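Right, one structure below, let's go through it.
The values are calculated or read from the model by the stated rules, or taken from the named source; none is laboratory data. Please read all numbers here as calculations on a predicted model, not as lab measurements. Cβ: placed from backbone, ideal geometry, glycine included. Neighbour counts: every protein chain shown. Ligands, DNA and RNA are stripped out before the accessible areas are found, and what is left, the full protein with its side chains, is counted by its heavy atoms. Shrake-Rupley method; radii C 1.70, N 1.55, O 1.52, S 1.80 Å.
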Amino acid sequence: MNALAALGGLRLGGFEAWVCRRPTLPDLVRGVVFGLREQRFFDVGRFNGEPLRHPRAAIMPSGTVLPGRRDRKKVHVEADGLREFQAHRPRLFALAYRMLGSAMEAEDAVQEAYLRWDAADRRQIRSAEAWLTTVVVNICRNWLVSARARRETYTGPWLPEPVPTARGELGPLESVEEREQVSLALLTTLERLSPVERAVFVLREAFGYAHREIADMLTVTEANSQQIYRRATQRVQEDRTRFEIPDEYARELIERFLKAARTGDIAALERMLTADAVSIADGGGVINAARRPVVGANSVARYLAGLFRWEVPGMVLEVLEINGAPSVVVLVNGVPMMVVAVQLDGDQVGELRLVVNPEKLTYLARVWA
């Protein structure tokens with residue numbers, strides 16, 4: 001039995017738990033590290049004799065060809081323009097990620113903004129921040145139209161791509177509200193908004209722009225921006241449950257929960273789950289994760305006990321900060337294989353979101369390499 005078969009192959013209570021169709025563990029590790037589409041994400045070229053580890057993530061010097069899913073273009077930006085763009089780049093990535101829910105697509109959006117920055121007459125730009133924010137938010141707004149169509153045909157549930165946040169990758173997350181803005185739970189809820197609703201909500205809630213500024217960025221009236229924001233907020237609030245739980249306490253709860261899952265203590269798991277607990281898994285059709293949510297404390301407890309009972313050589317389970325909250329990360333020989341985002345409801349677990357699609361773990365693999 002190979003390692004992935006050991007991790008999966010479970011059918012509990014009539015629902016499909018975690019079944020591997022084809023890849024072996026070495027295949028999946030190679031897929032995570034090198035990307036599943038012709039090694040797109042790693043080792044695709046060299047610059048000044050050094051390997052380009054992830055060219056889409058970096059802003060290259062003048063004359064560099066930027067590889068990516070979209071057309072390749074030559075970049076010619078003088079040093080001052082490059083430095084100015086780089087100063088805004090972390091903020092632009094944070095904006096694009098909140099808009100798209102995908103780190104890889106966010107990097108593409110920032111790259112596209114850089115190409116437009118290169119082509120622009122910057123003598124006519126009064127505020128680089130406003131100009132670049134406008135470009136990025138409208139790129140994302142347009143891309144969301146096609147993204148929504150793709151996600152409608154996605155195999156199984158679609159979940160946002162997990163991003164580590166302990167080092168400020170998505171900006172400062174000092175308050176409960178700031179952490180909630182990047183949670184997998186809220187990002188999943190934002191999928192229900194239209195592109196313009198999402199743009200207004202993110203610009204207002206996460207970045208504090210005034211409606212007058214948002215109206216200028218999105219080419220709407222100020223009154224329309226306010227109306228869109230109210231509508232978006234109402235839709236988000238319908239599924240919004242906020243509990244201010246200190247990180248230390250949340251981490252302790254998750255560690256106890258994980259211990260119960262690994263020891264197969266179903267009774268203890270049930271006590272730690274809300275009666276209507278839900279587990280949602282995203283395998284993207286690459287890994288055959290459960291294609292329907294697992295609902296109910298007993299079903300979720302049995303599901304998790306079966307999932308975590310296997311020991312695989314080189315496997316380590318850690319509780320790390322992902323998307324602003326402590327989450328369970330499964331690593332095999334240092335490569336992330338699964339992220340479990342745990343949503344607490346008071347002192348119990350209400351929802352779990354399992355990301356096992358290797359393409360959605362590529363960003364984690366790169367930043368932790």
Right, A166: over 24 Å from R292 (Cα atoms), small (G, A, S), touching a residue at least 12 places away in the same chain (Cβ under 8 Å) and buried (at least 20 other Cβ atoms within 10 Å of the Cβ) or not?
no
Within segment 262-290, considering residues that are outside any strand (DSSP E or B), closer than 22 Å to V319 by Cβ and β-branched (V, I, T), the one least open to solvent (accessible area, probe 1.4 Å):
I266
Check on Q226, farther than 21 Å from I139 by Cα, surrounded by fewer than 19 Cβ atoms within 10 Å (Cβ to Cβ) and touching a helix residue (DSSP H, G or I) at 6+ places or on another chain (Cβ under 7 Å)
yes
Which pairs turn up if I take residues in segment 184-195 that are in the same structural domain as P160 (by the TED database) and touching a residue at least 60 places away in the same chain (Cβ under 8 Å) and look for partners that are buried (at least 20 other Cβ atoms within 10 Å of the Cβ) and of a type in the set (A, V, I, L, M) with beta carbon separation below 7 Å, at least 6 apart in sequence or on another chain?
L184/L159; L184/A341; T188/L159
Which members of segment 191-215 meet the condition of being buried (at least 22 other Cβ atoms within 10 Å of the Cβ) and either in contact with a Lys or Arg (Cβ under 7 Å, 6 or more places away or on another chain) or small (G, A, S) (or both)?
A199, V202, I214
Return the residues of segment 122-154 that are of a type in the set (A, V, I, L, M, F, W, C), free of Cβ contacts under 8 Å to residues at least 60 places away in the same chain and within 18 Å of L92 (Cα to Cα); say none if nothing qualifies.
I125, A128, W131, L132, V135, V136, I139, C140, W143, L144
Tell me whether segment 240-255 contains one or more residues that are in a helix (DSSP H, G or I), aliphatic (A, V, I, L, M) and more than 24 Å from G101 (Cβ to Cβ).
yes
